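Contents: one structure, followed by commentary.
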Amino acid sequence: MGGRVTAVCCMFAFGLLACGVSAEPQTIGAPPEVSNMRLVGTNDLQARSAYQPTIHHQGNRWVAYIGHHGGTDDIPDPVNPMTGKAEPNGTSIVDVTDPAHPKYLRHIPGQEGKYESGGAQMVRVCDGKDLPKGDRNAVYMLRTFGSEAHEIWNVADPDNPVLVTRIGGLKDTHKSWWECDTGIAFLVSGAPDWRTRRMTQVYDLSDPAHPVKIRDFGLPGQEPGSTGAVPTELHGPISTGPRGNRVYFGYGTNKGGFLQIVDRDKLLNGPKDPTPANLTFPEIAQMPMSALNGAHTTFPMPGMPVAEFARDKDGKTRDIVMIVDEAILNECGEARQMVWFADVTTEARPMVISSYTVPEASGAFCERGGRFGSHSSNESMAPVYYKKMAFIAFFNAGVRALDIRDPYHPKEVGSFIPSITQATDKRCVTVDGKERCKVAIQTNNVETDERGYIYAVDRANTGLHILELTGDARAVAGLP
């Protein structure tokens with residue numbers, strides 16, 4: 001384990017008090033803060049605020065497709081050095097075949113707009129040869145376009161992407177899921193006639209050039225023509241496909257959230273008219289979170305073997321869903337957003353069995369500036385880490401590596417807080433009527449590839465950090 005020390009904890013008779021904690025902001029030139037992780041390579045992503053990275057093995061290349069938020073007040077349209085033109089934030093395409101030397105290939109501009117109202121945040125990728133009706137020579141990238149559309153591009157030549165189709169006329173789009181083997185896509189949208197900002201539009205994208213809409217889906221009370229209180233909006237779904245026959249929906253972000261478990265077959269083939277009865281029909285269960293927490297990411301891990309239960313007659317394996325909240329407010333201006341593990345083996349009665357957070361005192365994170373708390377996890381189900389390790393983006397606390405082999409007792413085994421750069425953007429709060437701004441890392445999303453590399457992207461314009469495990473954490477994952 002290495003890296004600079006950020007906190008020293010002292011035990012006193014009356015409890016554990018933090019002492020010697022430096023609340024100084026991060027400074028340019030200071031080394032990253034590391035434990036059992038190593039920086040392999042970086043790319044500045046043209047100093048664009050980053051959201052979702054998706055890593056795709058494409059022929060003999062590995063390519064990262066990275067979605068971006070909109071621009072900032074100071075720089076609404078950053079200049080693309082490859083074209084010399086100011087472009088709205090959109091999608092970055094980066095060759096990461098050699099992770100020590102990532103090569104920026106192309107920027108596809110997104111919607112005009114700043115922060116959440118522009119850019120192209122979400123990215124998913126499927127090979128045409130895997131889709132039932134796709135062009136076998138194509139590689140398809142599904143992305144959002146700001147808040148108004150979903151787009152599909154052919155990125156078989158990632159240096160020269162080509163727009164294939166567009167699903168427009170929407171009022172908000174976000175964190176979708178696409179099954180490459182079936183082509184079914186669960187598109188997070190804002191249909192103009194629905195009463196909520198975000199709900200689900202289910203599409204058959206098995207032939208990306210000819211999208212076929214299957215249905216709209218949401219919660220009773222969100223549908224057109226309904227009255228009364230509007231239930232919490234959707235954040236995003238993850239499907240286990242036809243074999244698992246489940247879709248796990250996360251509602252809410254930093255408050256009033258819940259996990260919804262849905263029968264996939266009933267969702268696709270059940271009655272489609274959005275009546276309260278039809279919207280309830282595919283639902284198996286809901287598990288409410290605390291009023292203080294949301295459900296940004298709901299990551300399923302069915303059939304997890306639990307060593308502690310190996311000699312028990314029943315329950316040797318458990319169906320687990322990892323739920324990650326999203327911190328929203330800067331400098332701890334809300335309840336702590338965390339990671340929760342739910343046992344859904346008995347689906348009608350899911351229950352939270354454990355939780356995880358970064359101890360605030362370990363780095364004086366509330367005082368560093370920006371957001372502190374969880375945001376998202378990696379979503380790859382590749383065997384290298386699936387059901388063994390999870391990687392959590394924790395904003396100014398960087399990336400945290402968790403040993404989840406015993407989901408009842410998740411344990412942090414590694415971490416990496418990147419260094420800030422000249423490009424790192426400020427984050428502000430209002431104190432006594434005056435604006436106070438600080439600069440800090442804001443690790444926003446994280447993903448992994450089948451080789452075991454970890455990809456973290458930064459919300460505050462600090463770019464892409466490619467990492468690998470070292471020491472004890474590498475042993476946990478079973479890597480050489």
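Quick notes on this structure:
- Put the Cα centre of the stretch 271-295 next to the Cα centre of the stretch 422-480 and the gap is 33 Å.
- Where N is the number of residues in the chain, Cα Rg divided by 2.2 N^0.38 Å: 0.94
- Each Lys and Arg contributes +1 and each Asp and Glu -1, all at the Cβ; summed about the Cα centre of the stretch 168-305, the dipole is approximately 280 debye.
- Rounded percent of accessible protein surface that carbon and sulfur make up, the stretch 360-478, 1.4 Å probe: 47 percent
- On a per residue basis, the convex hull of the C-alpha atoms belonging to the stretch 316-473 measures out at 118 Å³.
- Annotation: aspartates and glutamates with alpha-carbon distance below 13 angstrom to K85 (same-chain offsets under eight excluded): D77.
- Relative frequency of Cα-Cα separations exceeding 13 Å in the stretch 349-406, percent: 65 percent
- Amide hydrogen neighbours beyond the local backbone of D172, cut-off 5 Å, H modeled: G190
- Placing unit charges on the Cβ atoms only, positive for Lys and Arg and negative for Asp and Glu, gives the chain a dipole magnitude near 400 debye about its Cα centre.
- Note on K272: lysines with a C-alpha under 16 Å away, same-chain residues under 8 apart excluded, are K213.
- Taking a Cβ cut-off of under 12 Å around V162, the surrounding Lys, Arg, Asp and Glu residues balance to a net charge of -3, with basic ones at +1 and acidic ones at -1.
- Cα-based Lys pair tally, the stretch 288-427, threshold under 19 Å, eight or more apart or on separate chains: 4
- Take the chain with all the other protein chains still there, run a 1.4 Å probe, and you get 39 Å² of accessible area per residue.
- With all protein chains in place and a 1.4 Å probe, the accessible surface of the stretch 112-255 carries 48 percent carbon and sulfur.
- Measuring only protein heavy atoms, the 1.4 Å probe finds M82 accessible over about 110 Å².
- Computed over neighbours whose Cβ is under 11 Å from that of I392, the net charge equals -1, Lys and Arg +1, Asp and Glu -1.
The values are calculated or read from the model by the stated rules, or taken from the named source; none is laboratory data. Predicted, not measured: the structure shown is a model, and the values here were computed from it. In this analysis, Cβ positions are derived from the backbone assuming ideal geometry, glycine residues included, and neighbour counts consider all displayed protein chains. Surface areas here come from the heavy atoms of the whole protein model, side chains and all, with no ligands, DNA or RNA. Shrake-Rupley method; radii C 1.70, N 1.55, O 1.52, S 1.80 Å.
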